[in-house]
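Notes follow the structure.
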């Protein structure tokens, strides 16, 4: 029996993974400020892990979350507290903290069974505010709004000291996340998620328990967000409630929108695109604009992100990943490329 | 294989009586058609069997189990699958995945975990669907996204999704609605194949009288939630009240 996977081009995947791990060496050879670029890529990597999880929830299962910064924060604070105050080894915290964050996902998943669309968005947003207040209130462990110093990641005797080391840690996480998420969405689990998104009736009629699978989706999404949080806490060495703003949750949504809702690679591309834009393009643009008028960095950021989201929704609703698919088809058919196909 | 027994089923929505003491039996291995004008309660009856609607009175028994006590997602577990009149499939999934969706209960947790690790398991999982897709003649479409497929294909995908769960009883809600003559003939062939080759009992709601008369073993005529008559196609065709309420005068379908 011929299977769909026989002719899939799996060859490119190891090449891509190798490229990811060779990139720092390339950057080092090319520029002296490679450490800054690595720092930016590390942030992108952490957000990639989170947006892949968010995409499983919002893109695949169709449950919108405006509170993902809260899961991110829970993962970060849990790991910081467990490792630095509880004496848990980092290796274990890397597993336990995300799982505990997943349990918080289940807690917010309960109301989600009865809420839809905008209302769910508001409920998760409220969850974000609650978590932020709770972190400030639990001063004893979290130092309140002063922020918390966090130790470096330490795995089997090796300490990740700088952005160079962290890059390899974070991108190992990214590769793992992407592989796991891809496997999930192509299995029974992913099909159930998509069926719930597109037709709850059909899903129930084939025997899918809506409540169960919605909860699983929240749990998995929470685990990924928690994992991203753990990496964030230990690689940035300092966390405070200011990092985990409602605005961050909105940026996560922008990332999956820009990348392409409902595709794992899309979530990765979106996170990369937005972080590069934020850290590399916007400062340049701001400097240029500064020659005419006085501006604040934050204003420009909001303006540009808003504009980008707007433009993507109107002109490229399938996101960057959809754009890539179009380009690929275009080149495959190259001499025969009726432009109509792409209108 | 068990029979489907519907016993004094009664359901109303805010004063509109959708089903009024409906009793009928679908025997194992039979192609049983439900016909009637719009709003006569055919789809409501399907929704009751399927658990989307909860009747106030009566019982639906399948293999000694009262379906009204079961939750919607437990119905397929008993071997009852259905299709929808308004297509309910997932546009951003391939045709193959849409069909595999129906195999949800056949794929165990262990198989899913195995599938994450081994390619062989993936191919085995796909074989479940390809078998049925071959039968319906849509195997060529396996890798295509459902979005953008013609209506006829989406309709067949809907039927394939129901079949892949290996049901004992399949409920087809207007399988030929919106199909052209050629496709209707194809559908008739498929429905007979479902019964003859797979041995599945078929309960079908349909408006196309030629199709109904050709394939059915027995027909039930509903009007305003009441059963008018149940019988063989020829008997039903002759029934005076049926001619009046449904077929209309001068129709020799």
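Mind giving me the FRET efficiency for residue B:185 and residue A:15? R0 is 41 Å, r the Cβ-Cβ distance, nearest 0.05 is fine. Kindly include the intermediate steps, with their values, before the conclusion.
Values: r = 50 Å, r/R0 = 1.23.
The value I calculate is 0.25.
Fewest to most neighbouring Cβ within 10 Å: what's the order for A:291, A:241? All intermediate terms of the calculation are to be shown ahead of the outcome.
Working: A:291 6, A:241 20.
Listing A:291, A:241 from fewest to most nearby Cβ atoms yields A:291, A:241.
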Could you work out how far apart the two model spin labels at residue A:159 and residue A:35 are, taking each label as a point 7 Å from the Cα in the direction of the beta carbon, and quote it in nm? 1.7
Given 10 Å bins starting at zero, what is the percent of C-alpha pairs of chain B in each, up to the one with the largest pair distance? 7, 30, 35, 21, 6, 1, 0
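When you look at the Cβ of every residue in B:112-125, what mean number of other chain Cβ atoms sits within 10 Å?
Values: counts 5, 2, 0, 5, 8, 1, 0, 5, 1, 1, 6, 6, 2, 4.
The per-residue average across the peptide is 3.
Need one number for the stretch A:35-92: average projected area of the convex hull over its C-alpha atoms, nm².
Details: hull surface 21.4 nm².
Its average projected convex-hull area is 5.3 nm².
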Go ahead and estimate [θ] at 222 nm for chain B from helices alone: -39,500 (n - 2.57) per DSSP H run with n ≥ 4, summed, over the residue count, rounded to 500. -10000 deg cm²/dmol
Take the alpha carbon atoms of the stretch A:34-58, find their center, do the same for the stretch A:290-315, and report the distance between the two centers in whole angstrom. 21
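Calculate the tail of P(r) for the stretch B:84-166: the fraction of all Cα-Cα distances greater than 15 Å, expressed in %. Numbers along the way, then the final one.
Numbers: 1798 of 3403 pairs.
For the stretch B:84-166, the share of Cα pairs beyond 15 Å comes to 53 percent.
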Over the residues of the stretch A:1-144, compute the C-alpha Rg and express it relative to 2.2 N^0.38 Å. 1.35
Dimensionless Rg over Rh [chain A; C-alpha; Kirkwood]: 0.97
In what sequence do B:228, A:74 fall when counting other Cβ within 10 Å, fewest first? B:228, A:74
How big is the gap, in Å, between the Cα center of the stretch B:38-66 and the Cα center of the stretch A:68-116? 44
Full-extension gain between residue A:238 and residue A:145, please, as 0.36 nm times their residue separation minus the C-alpha to C-alpha distance. 32.3 nm
What average count of beta carbons from other chains do you get within 10 Å of the Cβ of residues in B:12-18? 0
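How large is the helix-only mean residue ellipticity at 222 nm for chain A, computed as the sum of -39500 (n - 2.57) over DSSP H runs with n ≥ 4, divided by its residue count, in deg cm²/dmol to the nearest 500?
The helix contribution divided over chain A gives -23500 deg cm²/dmol.
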Can you give me the Cα centroid spacing of the stretch A:194-213 and the stretch A:253-267 in angstrom? 23
Expressed in nanometres to one decimal, the distance between label points 7 Å along Cα→Cβ at residue B:38 and residue B:108 is 4.9
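With a 10 Å Cβ neighbour count serving as the proxy for reagent exposure, in which order, fewest first, do A:139, B:82 appear? Provide the component values of the computation, followed by the final result.
Values: A:139 11, B:82 26.
Going from sparsest to densest Cβ surroundings: A:139, B:82.
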Sort A:211-221, A:22-32, A:318-328, A:303-313 by packing, meaning the average of other beta carbons within 10 Å per residue, with the highest value first. A:211-221, A:318-328, A:303-313, A:22-32
Restricting to the protein assembly as shown, what percent of DSSP beta bridges are antiparallel, rounded to 5? 60
Debye intensity ratio I(q)/I(0), log10, the stretch B:33-109, q values 0.24, 0.25, 0.26 Å⁻¹ (C-alpha model): -1.21, -1.25, -1.28
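Seen from all sides and averaged, what is the projected area of the convex hull of the Cα atoms in the stretch A:164-211, in nm²?
Working: hull surface 16.3 nm².
With the hull built on Cα positions only, its mean projection is 4.1 nm².
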Would you mind giving the three semi-axes, in whole Å and largest first, of the ellipsoid equivalent to the stretch A:136-203 according to its Cα gyration tensor? 37, 23, 9
How far apart, in nanometres, would the label points at residue A:303 and residue A:137 be if each is projected 7 angstrom from Cα along the Cα-to-Cβ direction? 4.0
What value does the protein assembly as shown have for Rg/Rh, both radii from Cα atoms and Rh as Kirkwood defines it? 1.06
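Where a number appears in this text, it was derived from the coordinates with a stated rule and is not lab data. The structure presented is a predicted model; accordingly, all values stated were derived computationally and were not measured. All Cβ positions, even for glycine, are placed from backbone atoms using ideal geometry, and neighbour counts span all protein chains on display.
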